[in-house]
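Novice: There's a structure below that I have some questions on.
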Amino acid sequence: MSLREVSWQAVVARRMARHQLAAPATGDPAAGETADVVRAMCGAHAQVLSAAEVSVALRIEGATRVDVQRALWEDRSLVKTLGPRGTVHLLPAVDLASWVGALSALPTTPGAVPEYMRMTPEQIDQVIAAIGDALAENDLTVDELTDEVVARTGSWAGDLVMPAFQTYWPRWRQLIPAAANAGVLCYGANRGRNVTYSNPHRFTPFKPESAEIALSVVLKQYLHSYGPATPQQFARWFNVTPTFGARLFTSLADELEEVSLDGKPAWLLRGDTDLPDEPARGVRLLPYFDAYGVGSHPREMVFPGKAWDRALARGQAGNFPLLLIDGIVGGVWHQRRSGRKVQVTVEPLGKLNQSRRRALDDEVSRLGEILDAKPDLTIGEVTVGAHA
């Protein structure tokens, strides 16, 4: 039986709708809509937290950065932690059981840590337990957490053995990702310029799901947001080997439907295979590391022609804010804030017709609302390089 053929145009329209970029969500940010939108994005990249706030707010009608901050630090419906690819993400608090179960199940590379930095399995368990206990009541800076971990384990945990920024960090710090994946560490609100860490169980007690269930949940969420997709594309997004990705797809074969995208196989979740009849329309300004650009494949079709060289950094997405035209990358942009004003420079890679120019004006105005700033738009070259 021949595979159902799906068009790239329909795939783009589906993803734009799923990401609330075709039309923003209309629910109340204070009543769970913020977490729902982040779930629909399969997590919001938050290495640059201010960019993550814009990413989420632009997907909810009338929302601002303040609404996202409230969800993160007051309502606690969002958690800032380490997510896919070991990068900082905002994740829905109610989904932590799945994310923690999946991330802690990922294979590690034996011998990747130099021998002089290593810990025994028993020491690793001690440090992770110590981190969770130390953060059980208060948010702590990294220096405060060092004191607590050493006090609970031993001086060996504080040995300065990790080369970092022309200095050395204590041994225990290499386990921050493992502690996050174990669900006992997340980020707290900054204390001045100092990063703090917290324990998510203080706000959302949960029990991690089994690896099998959790991995299937994450794959299904990914396909909901980015499907149709291939095992290789999922593996790249989740930072696992292609073999691991293929094995996970195979384990869920009965729940997946294979389709043909421009003559190549891809998969959707069975029962979730509807595609829009109308193409994506509109102009969107996506900030640094927005999930849509980072997670969407095939990369050469999302970033066609000039966009490949201008909007990617050595093939990596996220390092430039993106101008989306009808769901496809059509330029880059940059913002520079000064007091209550924000200067927005947009560099289209082609000529904007009148309707798209008006749509861009509207998008810049919406950005100003999100930032609570008065925007000023310039069409011209963006001279700022890629974000590291």
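Novice: Kindly indicate whether T108 is of a type in the set (S, T, N, Q) and within 30 Å of D326 (Cβ to Cβ).
Specialist: Numbers: of a type in the set (S, T, N, Q): yes; within 30 Å of D326 (Cβ to Cβ): no.
Considered against the rule, which asks whether it is of a type in the set (S, T, N, Q) and within 30 Å of D326 (Cβ to Cβ), T108 comes out as no.
Novice: Let me ask something else about it. Given F234, F289, which one is of a type in the set (F, W, Y), within 23 Å of R14 (Cβ to Cβ) and touching a strand residue (DSSP E or B) at 6+ places or on another chain (Cβ under 7 Å)? If you could, list the steps in order and put the result at the bottom.
Specialist: Values: F234 fails: touching a strand residue (DSSP E or B) at 6+ places or on another chain (Cβ under 7 Å).
The unique qualifying residue is F289.
Novice: For the subset of region 302-348 comprising residues that are surrounded by fewer than 16 Cβ atoms within 10 Å (Cβ to Cβ) and of a type in the set (S, T, N, Q), which member is nearest to Y226 (Cα to Cα)?
Specialist: Q316
Novice: Name the residues in region 147-171 that are surrounded by fewer than 19 Cβ atoms within 10 Å (Cβ to Cβ) and either assigned to a helix (DSSP H, G or I) or in contact (Cβ under 8 Å) with a residue 40 or more places away in the chain (or both), would you?
Specialist: Scanning region 147-171 gives D147, E148, A151, R152, S155, W156, G158, V161, M162.
Novice: Out of curiosity, is Y288 within 23 Å of G331 (Cα to Cα) and either in a helix (DSSP H, G or I) or of a type outside the set (D, E) (or both)? Full working, then the answer.
Specialist: Values: within 23 Å of G331 (Cα to Cα): yes; either in a helix (DSSP H, G or I) or of a type outside the set (D, E) (or both): yes.
Yes; evaluated as a whole, the condition is true for this residue.
Novice: Moving on. Of the conditions (1) assigned to a loop (DSSP other than H, G, I, E, B); (2) under 25 Å from V6 (Cα atoms), W308 fails just one. Which one is it?
Specialist: The failed condition is (1).
Novice: Just name the residue that is farthest from S296 (Cα to Cα) out of those in region 28-49 that are modelled with pLDDT under 95 and touching a Ser or Thr at 6+ places or on another chain (Cβ under 7 Å).
Specialist: Looking at the filtered set, the residue picked out is G32.
Novice: In region 141-161, is there at least one residue being modelled with pLDDT of 95 or more, closer than 30 Å to R236 by Cβ, touching an Asp or Glu at 6+ places or on another chain (Cβ under 9 Å) and not hydrophobic (A, V, I, L, M, F, W, C)?
Specialist: no
Novice: Please work out which one of (1) outside the structural domain of H89 (by TED's automatic domain parsing); (2) of a type in the set (G, A, S); (3) closer than 15 Å to V100 by Cβ is the condition A189 fails and give its number.
Specialist: (3)
Novice: Inspect region 252-259 for any residue being touching a helix residue (DSSP H, G or I) at 6+ places or on another chain (Cβ under 6 Å) and either closer than 16 Å to A10 by Cα or hydroxyl-bearing (S, T, Y) (or both) and give the result as yes or no.
Specialist: No; the residues of region 252-259 include none that is touching a helix residue (DSSP H, G or I) at 6+ places or on another chain (Cβ under 6 Å) and either closer than 16 Å to A10 by Cα or hydroxyl-bearing (S, T, Y) (or both).
Novice: Counting only residues that are closer than 20 Å to A214 by Cα and small (G, A, S), which one in region 40-94 is surrounded by the fewest Cβ atoms within 10 Å (Cβ to Cβ)?
Specialist: The residue in question is G86.
Novice: If you don't mind, there's one more thing I want to ask. Any residue that is among the β-branched types (V, I, T), buried (at least 17 other Cβ atoms within 10 Å of the Cβ), assigned to a helix (DSSP H, G or I) and at pLDDT 95 or above - is there at least one of those in region 218-240?
Specialist: From region 218-240, those among the β-branched types (V, I, T) are 218, 230, 240; that's our starting set.
Still in the running and buried (at least 17 other Cβ atoms within 10 Å of the Cβ): 218, 230, 240.
Then keep just the ones that are assigned to a helix (DSSP H, G or I); that gives 218.
Retained after the next criterion (residues that are at pLDDT 95 or above): 218.
The answer is yes, given that some residue of region 218-240 is among the β-branched types (V, I, T), buried (at least 17 other Cβ atoms within 10 Å of the Cβ), assigned to a helix (DSSP H, G or I) and at pLDDT 95 or above.
The values are calculated or read from the model by the stated rules, or taken from the named source; none is laboratory data. No experiment lies behind these values; they were computed from the predicted model shown. All Cβ positions, glycine included, derive from the backbone under ideal geometry; neighbour counts span all protein chains shown.
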